[in-house]
Amino acid sequence: MLRYVIRRLLLIIPTMFFVALITFSLAHLAPGSPFDRNENRPLPQEQLDKINRYYGIDQPIPVQFVDYIGNLLRGDLGLSFTRGRPVVDLIGQGIGTTAQLGVQALIVALAFSIPLGIVSALKQNTPLDYLSLLIATIGTTIPSFVTAIFLIYVLGASLHLLPFVGWGTWQHMVMPTFVLALAPGAFLTRITRASMLEAIRQDYVRTARAKGLREQSVIVGHALKNALIPVATIIGPATAGLITGSFIIESLFNVPGIGRLYVISINQRDYPMIMSTTLLYAFVIMIANITVDIVYGALDPRIKVS
Amino acid sequence: MAQQLLDVKDLHTQFFTRDGVVHAVDGVTFHLEAGETLGLVGESGCGKSVTALSLMRLIPQPPGRITEGSIVFDGQDVLKMDDDEVRGIRGNNIAMIFQDPMTSLNPVLTISRQISEALELHLKMDKSEARKRTIELLDLVGIPSAKKRLDDYPHQFSGGMRQRVMIAMALSCNPKLILADEPTTALDVTIQAQILDLLKNLAREFRTAFILITHDLGVVAGMTQRIHVMYGGKIVEKADTAELFANPKMPYTWGLLRSIPRLDEHRKAKLVPIEGLPPDLIAPPPGCRFEPRCQYRRDVCKEKEPELKRIPNAKPDHEARCWGTQEGGWLVDTDWHREIGDTRVIEEIKKEVADLPAETKKDGEEPPLPPPSPVN
């Protein structure tokens, strides 16, 4: 078990390297550079060259990459090109907000999807089941930015019930959290329903009933634990969904997290910011997946993690 | 006469499916005395398992429902009980051993949890008492080093061992009646013999009444005192075990007996199958349900359904549902070993089956299950 965890953790290193390589290449291959001349920046060529030299982007790309990795290994994430401040500080400022948003959304998603999926399976083909399927279908098919704009328009701009710009009070958090939770929540509802439907038809559920257990104990004690195994495996990818979803949501609701920072830095070709945020996200997703695999082993005694 | 433990009268269990109403159990009447062992025999889809599930009110509802009849267990009608009362009986007074030990145990719970659950529920034991009792039970059913294996999961046991666990579970609350539904079908022959021995000895030791459900007359032979043969949702022959084997009276039973391989038979001798297919329980034949497959049939069989009646040249409690073997019938003196009936009729039955479209051939082979759910 411990060996398994260590091996999985060590595997993060090469993965991160390739993530870095691909991101670095793509970022630099994209047309434009951070300090392009435009109307707002009518810089003379020699000054541009000076800036490029200062930030090291006059070097060939492979050299820049080696330099970047070298700095990274020394714990230096570099300076943001556009803000002139260390990337570490900028990420440090936003990460709390993003993490809070993500965790809240995950909790909300789990809190509504699992009960809804279970009830839906137990009351299969009743209006309640159809209602939950409808919600789940809407949640998976309508993109979150559409829902977000719709809610901003109705609850924010028209009815003035909730603020939709910024972050801080709980009122600010309601809409972004809900919108972010919707897609993974809807997906988890469907998975829970399907696996619960399968579980309650199993022979061991009949055995449990034949023992004289109450229906509640049969469902919770016997069916649910089996039904949650597939659900648990989905939580890993769902976490990834929450993270990628938060780029859009943070931008739309102007939440000062790293998701918004990420989107801005891509537009501005802020290479060190792009690199650091991408690597951070990759790291979080990998940790989420490892956690799920370990939890999976704990939930299902037939799986031996090794 | 010992006290009547179970008295089932005119039990009807039906499944309401899209294709129509399946009459899975159609007027079954039988009784059982305390400590008695009864064999319920018949091919797949004849209503044996549904009968057993009905006794514990475990029929999945919908689509199933017990529509008529009474099940008096220990003086109380199970069908008139509320849910709490039924739960008080399940696992406590009536326990069940299911066919497939591979799927009947919960894969994510330990063996001890699954056995002690019933002990805590019905016998109000605390955790440590239940654990102690679980070890005793596992010892009793012959699980080696029970103490060590207590916290193992089902997948760490072999099929035979799992069936032993199921038996331990069934015995846990000292039930008055155990329903064993094809307990050895999923096991290989050696293990089958071991499990049957175990069941037999435990039934004797604890004076537990047993209903052994099987399609295999060979299995019930040494196990039970009486045998009821079922066909198409009805009981077609009732007799003492010895009497049934010595003097069977229903052509269906003859067919079952002919299809058991014998050790003393010549190697090349072929088993004689029962030609044709089990009846469609949505629209059963109007006369005798076995008539379409019966090699000894006459016109009367097609027209009117025979009653379950006592037989002239047999023991007094021997009953069969057959016009031919009842008083004045044409089969009263037939020796089933010698005369296998009218060969032209056999050819006719074979031809009918061959002419059926592939789809309808499946009908009635399996007991009706709830329709598959649209899984998303």
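The values are calculated or read from the model by the stated rules, or taken from the named source; none is laboratory data. Treat the numbers as computed from the prediction; the structure is a model and nothing was measured. In this analysis, Cβ positions are derived from the backbone assuming ideal geometry, glycine residues included, and neighbour counts consider all displayed protein chains. Keep in mind that these areas ignore ligands, DNA and RNA; they rest on the heavy atoms of the full protein, side chains included. Shrake-Rupley method; radii C 1.70, N 1.55, O 1.52, S 1.80 Å.
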Where a residue in the range A:245-267 is part of a helix (DSSP H, G or I) and its partner, wherever it lies, is open to solvent by 40 Å² or more (accessible area, probe 1.4 Å) and basic (K, R), with Cβ under 8 Å and at least six apart = A:F247/A:R260; A:E250/A:R260; A:S251/A:R260
Can you tell me how many residues in the range B:148-173 are at pLDDT below 85 and farther than 13 Å from B:Q99 by Cα?
-> 0
Going through (1) surrounded by fewer than 21 Cβ atoms within 10 Å (Cβ to Cβ); (2) of a type outside the set (F, W, Y); (3) touching a residue at least 24 places away in the same chain (Cβ under 8 Å) one by one, B:K147 fails only at (3)
Check whether at least one residue in the range A:89-107 is more than 18 Å from A:I243 (Cα to Cα), part of a loop (DSSP other than H, G, I, E, B) and at pLDDT below 90, and report yes or no.
-> no
Looking only at helices (runs of 4 or more DSSP H) that fall completely inside the range A:126-214, which ones have 1 or more residues that are polar (S, T, N, Q), more than 30 Å from B:A95 (Cβ to Cβ) and open to solvent by 50 Å² or more (accessible area, probe 1.4 Å)?
-> A:127-141, A:170-200
Among the residues of the range A:28-63 satisfying the criterion of being touching an Asp or Glu at 6+ places or on another chain (Cβ under 9 Å) and part of a helix (DSSP H, G or I), which is most open to solvent (accessible area, probe 1.4 Å)?
-> A:D49
Which of (1) β-branched (V, I, T); (2) open to solvent by 30 Å² or more (accessible area, probe 1.4 Å); (3) at pLDDT 80 or above is the odd one out, the single condition B:T325 does not satisfy?
-> (2)
Do we find a residue being out of contact with any strand residue (DSSP E or B) (no Cβ under 9 Å at 6 or more places or on another chain), buried (at least 17 other Cβ atoms within 10 Å of the Cβ), in contact (Cβ under 8 Å) with a residue 60 or more places away in the chain and within 11 Å of chain A (Cβ to nearest Cβ) anywhere in the range B:105-128?
-> yes
Of the numbered conditions (1) away from every other protein chain (no Cβ under 14 Å); (2) within 26 Å of A:S113 (Cβ to Cβ); (3) open to solvent by less than 30 Å² (accessible area, probe 1.4 Å); (4) over 17 Å from the mean Cα position of the chain (by Cα), A:M273 fails exactly one; give the number of that condition.
-> (2)
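Could you tell me how many of the residues in the range A:173-212 are of a type in the set (F, W, Y) and more than 10 Å from chain B (Cβ to nearest Cβ)?
2
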A:K225 versus (1) more than 30 Å from A:D89 (Cβ to Cβ); (2) touching a residue at least 40 places away in the same chain (Cβ under 8 Å); (3) not in a helix (DSSP H, G or I): which is the lone unmet condition?
-> (3)
Those residues that are of a type in the set (D, E, K, R) and open to solvent by less than 50 Å² (accessible area, probe 1.4 Å), I need them from the range B:36-87; list them, please.
-> B:E36, B:E43, B:K48, B:D77, B:R87
